[in-house]
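What follows is a short report on a single structure.
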Amino acid sequence: MILKRIRQILDRLSISLRFTLMVLLVVLAAAVTGYSSIVYWQLSAQREQVLDFTDSVTQLVAQDFAKIIRLNDLMAAADLSAKLSAFPPLRRAVLFDPQNAPRYRYVREGLPPCDALSLPERLPHFENACHGNAVRVFREASYAGIPLGVVLIEMETETLASILRRDALVLSLITLMVVVLSLVLARSLARQFNQPVLRLAGFLDEVGRYGKLDSRIETTQQNEIGRLYRDVNNMLARLEESTQAMRIATAAFEAPDGMMITDASNVILRVNRGFTRITGYTADEAVGKTPALLASGRHDNVFYDDMWCGLRAHDRWEGEIWNRHRDGTIFPCRLTIQAVRDEQGEVRNFVGALFDISRQKSAEAELAFLDRFDPLTGLANRRQLLDKTADIMVSAACQSGRHAALMCFDINDFKRINDTFGHRVGDCLLVEISRRLRKAFNNAGFVARLGGDEFAVVLQGLATETEAAVLDLEMRAESVLLLLGKPYTVNSETIRCLPCCGIALFTCTAVSPESILQQAQAALHHAKTAPDRNWSFYDPGSQLAARRYQSILTDLESALADGSIQPYYQVQVADGGRVVGVELLARWRVREGEFISPSVFIPVAERSGLIHVLGTQMLRQACQQLVEWRSREAYSQLSISVNVTAQQFLRQDFVSGVKHLIAETGVEPYKLKLELTESAMIEDIDLVVEKMQALSAFGIRISLDDFGTGYSCLRYLKRLPLDQVKIDQSFVRDMGSSQNDVAIVRSILSLGATLGFEVIAEGVEDQSQYEALHALGCRYFQGYWFGKPVPAEALDLSV
Ligand code: C2E
Ligand code: CA
Ligand code: CA
């Protein structure tokens, strides 16, 4: 405790004061030791002197003593006293006779008498007892060999106190000198030690103040100081090196890239200005948070697991990541994360470098766009058209025998327009043409610009029969050409132009997309030179089919008039085989056993407008049939589905016509189901919804036919008051071979479950298809396996 306290006090003292104290202590100790030795030696010498002196005195007094003892000579006693008084240090002397009786006493003048002095019982050889500043010595006295008795002599001696008293002045002077000398010595010693230390301190102070890490302290000393200086120099060199490295790191940290440093538990410790620029978060906002601050929500756990796996395995991860800016926008980044480990190999930090690659991405996207799109009109380019054509060739619809077509359009005198109005107007015209083409085909065709004034459209899902497909295409070509031929207003100029169209019909057996395009272009060339019309088909077969239109139309008119178009019914069954309804399919019998397919005469009816007559006839027949079945137990609960084309449905008086028919026949509206295809939806969707709602409110049910083949717009699906969706037969047919089709069927079924409509599969031809559909959760079916379309009388409900 005390030692500790002393230590604390010493630690507070300056080095030179400590030196002074130490030197003072050492010198004083040396002086005290020296002086003590001298005094000790003096005292021992004095004892020797006393003994010698006593011996001399004893011998000297022996003769007189003998006279006193033996002769009782009183003169001798007086003589002896005179002799003894000649020895100043002698204080007292007593002579004892052999009987130990005192016979003579001497006391120096001025001292008290010494009666008390007696001989001790047992005579010591020498008693050096101190009595104040006196020593008593006993000696046996003899003369001429005759023992005389004992002589006691008391001698005055110097004591330690008397010596000190005597030396006091000298001692004080010496002490003073010692103190002064030790101060001088201490100072010079302190300077010896202090100076290099103070020099070092001053040097380090300067280094610290001006940050001059490149300065070094000079020394020639080879001792401990020299070693200390060299160690300091080495340390500075290392410090300079690491400061330089730090400076480089700091400069690198302030690079334009975003940098962030986290601790081992991924908490952000530091970010740079680049980080703030890229992410919008300031250092204050980011520090203390984790990088999850930037999470965009576009990556799943698997992505982050992979990232951590890579980091753990290689201490490094690099990749592209979507981040969320402070303002909420999501942007792509290239991120590099490096783990930093300490000497023990423990991960201490992660350093992340962020590089905003939005621009790079958009440049890539732009390149990708240019690779696939026409920059002027934004339409697909030739390459994409060919890809699309190739896709169509292998599509389910095409493989099932449906036709597809590639239509080429161009403007006859575009060069003249360019020359007259300038290229800028020409460009505007091309943009307007592309807009009209898009509108004309809406979702039904894939529109592309081949270059110059040449455009192309590829269409799929056309009729299986060539005649039907040709008729359909003819109608489309005519209406599109009509639209394209209308005057254009560009920069307040009115421009008229003459469009023409070349059509190549194809199926999955076509040689290649390029050959189809060549055919369409050849047809286009032909159309330009044709005298009678501005469209042309490539192959002569199609041309021939086009000519048949007129004769079919004439026959159709009379067929509708004489009732040779009759309704056939195909059963629709629920899970378990119960027939729940039938679909009405029109049959045109030309001769006994010979029919013209609806896919041939329906397009003719549409083009000619006869579809409204046909449609009304079929609807009426369906209503009458329902009324008739009302009285028949087995049939009373059946519903009849009637096909309605887009043209029919969109006619202004359609809803009122249906209502009228229902009122006229008295049928329950819920027994009537109207089958619409998605082509009805591509027009004015608001109008479609309104009409559907009107029918639905009236109790009529609505089914969406051929679902999945058109350009299903899921966005609208929610808005439509649908009761049923029919999975197109092409998916059902290919389910066994195409996983893609299985996936489509599955998603249509789950869509039905979500949006609350019934899903029915059509074209079920065998048990395996039924079982596959059933396994996926389909509960309503239609197809040859349950029954072919037959006249009402031939219907068999026991499936
Ligand atoms: P849709 O509405 O998709 O009719 C289904 C077609 O598939 C019918 O052809 C039917 O006979 C056929 N079909 C039924 N089950 C099977 C099967 O298991 N396998 C195969 N391969 N085919 C099956 P259909 O009768 O030739 O009718 C063709 C199209 O003509 C119909 O397609 C419909 O769009 C139209 N259509 C028929 N009747 C009328 C009608 O009265 N009015 C209108 N607007 N269109 C009609
Ligand atoms: Ca149908
Ligand atoms: Ca269908």
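The values are calculated or read from the model by the stated rules, or taken from the named source; none is laboratory data. None of these values were measured; they are calculated from a predicted model. As a convention, Cβ positions derive from the backbone with ideal geometry for all residues, glycine included, and neighbour counts pool all protein chains shown. The accessibility values were calculated without ligands, DNA or RNA, using every heavy atom of the protein model including side chains. Shrake-Rupley method; radii C 1.70, N 1.55, O 1.52, S 1.80 Å.
Some points to look at:
- Unmet requirement for TRP588, which otherwise passes all of (1) without any contact (Cβ under 8 Å) to a residue 40 or more places away in the chain; (2) within 16 Å of ligand 1 (Cβ to nearest atom); (3) over 26 Å from SER479 (Cβ atoms): (3)
- Pairing residues of the stretch 142-167 that are open to solvent by 80 Å² or more (accessible area, probe 1.4 Å) with residues that are of a type in the set (S, T, N, Q), at Cβ distances under 7 Å and at least 6 apart in sequence or on separate chains, gives TYR143/GLN63.
- Within the stretch 665-690, the residues that satisfy the criterion of being at pLDDT below 95, away from ligand 2 (no atom under 16 Å from the Cβ) and part of a helix (DSSP H, G or I) are ILE682, ILE685, ASP686, LEU687, VAL688, VAL689, GLU690.
- Within the stretch 699-710, residues that are more than 17 Å from GLY783 (Cα to Cα) and of a type outside the set (Lys, Arg) have Cβ atoms under 7 Å from residues that are near ligand 1 (Cβ under 10 Å from one of its atoms) and modelled with pLDDT under 90 in these pairs: THR709/SER730; GLY710/THR677, counting only partners at least 6 apart in sequence or on another chain.
- Count of the stretch 760-774 residues which are open to solvent by 10 Å² or more (accessible area, probe 1.4 Å), within 16 Å of ligand 2 (Cβ to nearest atom) and not acidic (Asp, Glu): 1
- Filtered residues of the stretch 407-418 (kept if among the acidic types (Asp, Glu) and open to solvent by 20 Å² or more (accessible area, probe 1.4 Å)): ASP413
- Restricting the stretch 672-693 to residues that are among the acidic types (Asp, Glu) and surrounded by 15 or more Cβ atoms within 10 Å (Cβ to Cβ), the residue that is farthest from ligand 1 (Cβ to nearest atom): GLU678
- Residue count, the stretch 677-691 (criterion: under 50 Å from the mean Cα position of the chain (by Cα) and either within 16 Å of ligand 3 (Cβ to nearest atom) or within 23 Å of HIS660 (Cβ to Cβ) (or both)): 9
- Set side by side, the residues ILE411, ILE417 differ, and just one is β-branched (Val, Ile, Thr) and farther than 14 Å from GLU493 by Cβ, which is ILE411.
- Qualifying residue in the stretch 750-773 (condition: closer than 26 Å to PHE654 by Cβ and out of contact with any strand residue (DSSP E or B) (no Cβ under 6 Å at 6 or more places or on another chain)): yes
- Residue in the stretch 475-490 that is open to solvent by less than 60 Å² (accessible area, probe 1.4 Å), in contact with a strand residue (DSSP E or B) (Cβ under 7 Å, 6 or more places away or on another chain) and over 22 Å from LYS439 (Cβ atoms) present: no
- Residues in the stretch 624-635 include at least one that is among the β-branched types (Val, Ile, Thr), in contact (Cβ under 8 Å) with a residue 24 or more places away in the chain, more than 16 Å from ligand 1 (Cβ to nearest atom) and farther than 30 Å from SER479 by Cβ.
- Single residue of GLN99, GLN49 found to be farther than 19 Å from VAL150 by Cα and among the polar types (S, T, N, Q): GLN49
- Across the stretch 775-788, the number of residues qualifying as open to solvent by less than 30 Å² (accessible area, probe 1.4 Å) and more than 14 Å from GLU765 (Cβ to Cβ) comes to 1.
- Looking only at the stretch 44-77, and only at residues there that are among the aliphatic types (A, V, I, L, M) and open to solvent by 60 Å² or more (accessible area, probe 1.4 Å), the one that is farthest from ILE163 (Cα to Cα): LEU71
One line per residue, one yes/no per condition, for (1) among the aliphatic types (A, V, I, L, M); (2) modelled with pLDDT of 95 or more:
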residue	(1), (2)
LEU695	yes, yes
ASN740	no, no
THR754	no, no
GLU765	no, yes
HIS774	no, yes
GLN782	no, yes
LYS788	no, yes
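- Filter result for the condition that a residue is under 30 Å from ALA448 (Cα atoms) and either part of a strand (DSSP E or B) or open to solvent by 50 Å² or more (accessible area, probe 1.4 Å) (or both), over GLU343, GLU285, GLU364, GLU318: GLU364
- Test: residue in the stretch 574-581 that is near ligand 1 (Cβ under 10 Å from one of its atoms), part of a strand (DSSP E or B), open to solvent by 10 Å² or more (accessible area, probe 1.4 Å) and within 30 Å of GLU633 (Cα to Cα): no
- For the stretch 631-660, filtered to residues that are within 16 Å of ligand 3 (Cβ to nearest atom) and outside any strand (DSSP E or B), the residue that is surrounded by the most Cβ atoms within 10 Å (Cβ to Cβ) is PHE649.
- Those residues of the stretch 752-777 which are free of Cβ contacts under 8 Å to residues at least 60 places away in the same chain, of a type outside the set (Gly, Ala, Ser) and away from ligand 1 (no atom under 12 Å from the Cβ), in sequence order: THR754, LEU755, PHE757, GLU758, VAL759, GLN767, GLU771, LEU773, LEU776
- Checklist (1) modelled with pLDDT under 95; (2) over 21 Å from CYS398 (Cα atoms); (3) within 12 Å of ligand 1 (Cβ to nearest atom) applied to LEU714, failing item: (3)
- Per the conditions (1) open to solvent by less than 10 Å² (accessible area, probe 1.4 Å); (2) among the aromatic types (Phe, Trp, Tyr); (3) without any contact (Cβ under 8 Å) to a residue 60 or more places away in the chain, the sole criterion not satisfied by PHE595 is (1).
- All conditions but one from (1) farther than 21 Å from GLU678 by Cβ; (2) free of Cβ contacts under 8 Å to residues at least 24 places away in the same chain; (3) not small (Gly, Ala, Ser) apply to LEU610; the one that does not is (2).
- Taking the listed residues SER14, SER56, SER36, the one that is hydroxyl-bearing (Ser, Thr, Tyr) and at pLDDT 85 or above is SER36, with no other qualifying.
- Condition met for PRO603 (under 60 Å from the mean Cα position of the chain (by Cα) and within 16 Å of ligand 2 (Cβ to nearest atom)): yes
- Residue among ARG719, ARG733 that is of a type in the set (Lys, Arg), open to solvent by 60 Å² or more (accessible area, probe 1.4 Å), in contact with a helix residue (DSSP H, G or I) (Cβ under 9 Å, 6 or more places away or on another chain) and assigned to a loop (DSSP other than H, G, I, E, B): ARG719
- Test for PRO113: is it over 16 Å from VAL151 (Cβ atoms) and touching a strand residue (DSSP E or B) at 6+ places or on another chain (Cβ under 6 Å): yes
- Residue count, the stretch 377-406 (criterion: small (Gly, Ala, Ser) and crowded, with 20+ Cβ neighbours inside 10 Å): 5
- Unmet requirement for GLY783, which otherwise passes all of (1) within 16 Å of ligand 2 (Cβ to nearest atom); (2) of a type in the set (Gly, Ala, Ser); (3) in contact with a Leu (Cβ under 6 Å, 6 or more places away or on another chain): (3)
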